[in-house]
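The values are calculated or read from the model by the stated rules, or taken from the named source; none is laboratory data. All of these numbers come straight from a predicted model, not from anything done at the bench. Cβ placement follows ideal geometry from the backbone for every residue including glycine, while neighbour counts extend to all protein chains displayed. Heads up: the accessible areas ignore ligands, DNA and RNA and are worked out on the full protein's heavy atoms, side chains in. Shrake-Rupley method; radii C 1.70, N 1.55, O 1.52, S 1.80 Å.
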Amino acid sequence: MTKASRKVVLEVEQLRTALDEHSHRYYVLDDPLVSDAEYDAMFRRLVELEERHPELQSESSPTRRVGAAPAERFEAVLHSQPMLSLDNVTSPEQFLEFDERVRRLAGGSASIDYMAEPKLDGVAVEIVYRAGELEVASTRGDGVRGENITANIKTIRSVALRLRQTDDRWPVPERLDVRGEVIYARKAFRELNRQREQAGEPLFANPRNAAAGSLRQLDSRVTAGRPLEVYFHGVGHAEGLSVGSFADLFDALRSWGLKTSDLNRRCADAAAVIAYFEKLGAERENLPYEVDGIVAKVGSFALQRRLGEVSRSPRWAVAFKFKAQQGTTRVRDIVPSVGRTGAVTPVAELEPVSVGGVTISNASLHNMDEVERKDIRIGDLVLVERAGDVIPYVVKSFAEKRDGSERRFAMPVSCPICAAPVVREEGAAIYRCIGMKCPAKLREVIRHFASKYALDIDGLGDKLVAQLVDKGLVADVADLYDLTEEDLVGLERMAKKSATNLLRQIEDSKSPTLARLINGLGIPQVGERAASLLAEEFGSLEALCDANAEQLLEVREIGPQTAKEVVAFFTADQNRAVLKRLREVGVNPVAPARRRADGPLVGKTFVLTGALSVSRDEAARLIGAAGGKVTSSVSKKTDYVVAGSDAGSKLEKAQRLGLEILDEAGLRRLLGEEPGA
Ligand code: IVH
């Protein structure tokens, strides 16, 4: 680390300004100036300079958009001015009544100048800029007090970290509490759910939930991976701001680099607002994001002040909502549906009903928690909604309409497709079929088995797997090893040469490391890391297969959920049959090198708790290298508990059991290190 020279200070400032400019052009104006590669090069240079000169780091540097370490909880933030809500109207007549009231209160004006805007279906946020720098961002909460989501908001690329001074008419205010809506675009939303389905995670019901879920992440690095967008539509408290109307305000916001909707329009009177409402309603399905109506606001701020507010809603604005795309129908049945990853989700079969011109006959209930929370039963009368182009969903059931013949849905204990056990993931509302042969998930099972960090059969791409499964050439992973050239030649894009190559790769995959084979089995919760810990601990597939939950829990980093999944997986007859076949066709994993058999700590079991001067992994490595083993829970079988600072319940348990407790220095002595080394 060296003290930054003036030249470096200047370069850092230039890079930040340039990167801000390029982000603004790309994310706000949708008009990029440089290529992604050029942007990345500048970004990397800035990261490098900031790493070398930590004294130059700044909260508003573009490098701070990547997300920070997870927070424990969201702090409360008081809004300087309450964030109000809007009254709704749903028809032109009701809107005309609103307009009439405004004109009356305005002293009998002939017409009112409005700002009409899309009502974005997202999450309301407030961002405080002080001296042009983003200071704090919060959710609306109850309108008075929201949650501090600053770290998450900063990851949104279209949010300016510093306001720009670009127009003499609009000096950057000393303080600006700007309000807007964070949204998830439809296309990005579909992609997010596609990825979540592939990963076996619960799907978001609609883009608004996806936006809310992404903003409420305690780990902002997760938020950073979500392409959220923001549109600003108003201000709360401000100092040094002098604008007279919404039209001016939006002009000023844009000049400072804050994104506003391109769809905002000035309307000279109520008729123009109604025309805008109808036009937007007609375009609604084609917009890149979901809009549930329009917001009409009195354009002049002087008039707004005169109108004031009543019961938490301003008298100068109104939400003019589109007709909800809803319908009422009956649930004929609720059936479990098995997805590609084995996730079993309840689907409602409905009496067909037309909603917004589309006939709906089934709706996703997403997961068991939702079925229970909404208390949806077979035979219930329910309200269904089509939100944009999202799969229809059940909004609620009408419990008061029940006649007693309704039945509750229960998740089946075995898979409706393959009969293998269905296992619930604790904490998550996910149920999963664990059968390796399940036709619903076979493609995924094979794809995962052949993937890079598993059996690494490079030539076995997605398209080929699909063909092998669809043509009935493989019914489980072991069948791969029985494939012949005849089977392969004749498949799409499969000449004799590529068939020979693939068969060789399959043959060559017969001696994977045990860890790769375990990873390749696709046991829920068991990824690369857990697979290698299990391989190291049990040394053979047979031993792992016979392990009980207690033995599994002894393994470092293996928790109760993983232990449960592993036991369930190896108990399923279907999976045992596949493992037996794998052995028969000659798949023979290579056992990992055993722990040192002659170290000073051979046969000794350790539990680590509290903070040590080195990471837990490093401590575990040192103990392992000396022949000892580290487990995660304290039991009578534990030989030593190593307690660092702030050790908690594990230390107490160790004291209760009368186990030997070491501090870090004690551990180092056992390892044969010199004190103070
Ligand atoms: S202005 C006094 N403009 O709708 C409230 N709100 O029902 C002024 N919303 O909490 C709000 N698009 O989150 C305004 N163009 C828009 C909006 C909008 C969406 C949301 C906002 C607010 C809710 C009010």
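For the reader, a short list of remarks on this structure follows.
- Checking each residue in region 140-158 for being open to solvent by less than 20 Å² (accessible area, probe 1.4 Å), within 16 Å of the ligand (Cβ to nearest atom) and assigned to a loop (DSSP other than H, G, I, E, B) picks out GLY143, ILE149, ILE156, SER158.
- Within region 224-247, if we keep just the residues that are among the hydroxyl-bearing types (Ser, Thr, Tyr) and surrounded by 19 or more Cβ atoms within 10 Å (Cβ to Cβ), the residue that is farthest from the ligand (Cβ to nearest atom) turns out to be SER245.
- Qualifying residues in region 383-393 (those that are out of contact with any Lys or Arg (no Cβ under 7 Å at 6 or more places or on another chain) and open to solvent by less than 70 Å² (accessible area, probe 1.4 Å)) - the one modelled with the highest pLDDT: VAL384
- Scanning region 167-204 for residues that are in contact with a strand residue (DSSP E or B) (Cβ under 8 Å, 6 or more places away or on another chain), of a type outside the set (A, V, I, L, M, F, W, C), at pLDDT 90 or above and not in a loop (DSSP other than H, G, I, E, B) yields ARG175, ASP177, ARG179, GLY180, GLU181.
- Candidates in region 297-309 are the residues that are closer than 14 Å to PHE98 by Cα and hydrophobic (A, V, I, L, M, F, W, C); of these, the one that is surrounded by the most Cβ atoms within 10 Å (Cβ to Cβ) is VAL298.
- Leading residue by the ranking (farthest from LEU218 (Cα to Cα)) among those in region 97-118 that are open to solvent by less than 50 Å² (accessible area, probe 1.4 Å) and of a type in the set (A, V, I, L, M, F, W, C): ALA106
- The condition (being assigned to a strand (DSSP E or B), within 16 Å of the ligand (Cβ to nearest atom) and free of Cβ contacts under 8 Å to residues at least 40 places away in the same chain) is satisfied by just one residue among ALA137, ALA116: ALA137.
- Among the residues making up region 533-554, those that are more than 18 Å from ASN588 (Cα to Cα), not in a loop (DSSP other than H, G, I, E, B) and not acidic (Asp, Glu) are LEU533, ALA549, GLN551, LEU552, LEU553.
- Picking from residues in region 119-133 that are open to solvent by 30 Å² or more (accessible area, probe 1.4 Å) and not in a loop (DSSP other than H, G, I, E, B), the one that is nearest to the ligand (Cβ to nearest atom) is LYS119.
- For region 173-200, the set of residues classified as hydrophobic (A, V, I, L, M, F, W, C), crowded, with 21+ Cβ neighbours inside 10 Å and over 13 Å from the mean Cα position of the chain (by Cα) consists of LEU176, VAL178, VAL182, ILE183, listed by residue number.
- Screening region 95-113 for residues that are free of Cβ contacts under 8 Å to residues at least 40 places away in the same chain and not aliphatic (A, V, I, L, M) and picking the one that is farthest from the ligand (Cβ to nearest atom) gives GLY108.
- Residue match in region 60-80 (condition: open to solvent by less than 30 Å² (accessible area, probe 1.4 Å), more than 16 Å from the ligand (Cβ to nearest atom) and farther than 25 Å from VAL182 by Cα): no
- Complete set of residues in region 307-351 that are among the charged types (D, E, K, R) and within 16 Å of the ligand (Cβ to nearest atom): GLU309, ARG312, ARG315, LYS321
- Residue within region 484-507 that is touching a residue at least 24 places away in the same chain (Cβ under 8 Å), under 30 Å from VAL422 (Cα atoms) and in a loop (DSSP other than H, G, I, E, B) present: no
- ARG164, sole failed condition from (1) among the basic types (Lys, Arg); (2) part of a loop (DSSP other than H, G, I, E, B); (3) within 13 Å of the ligand (Cβ to nearest atom): (3)
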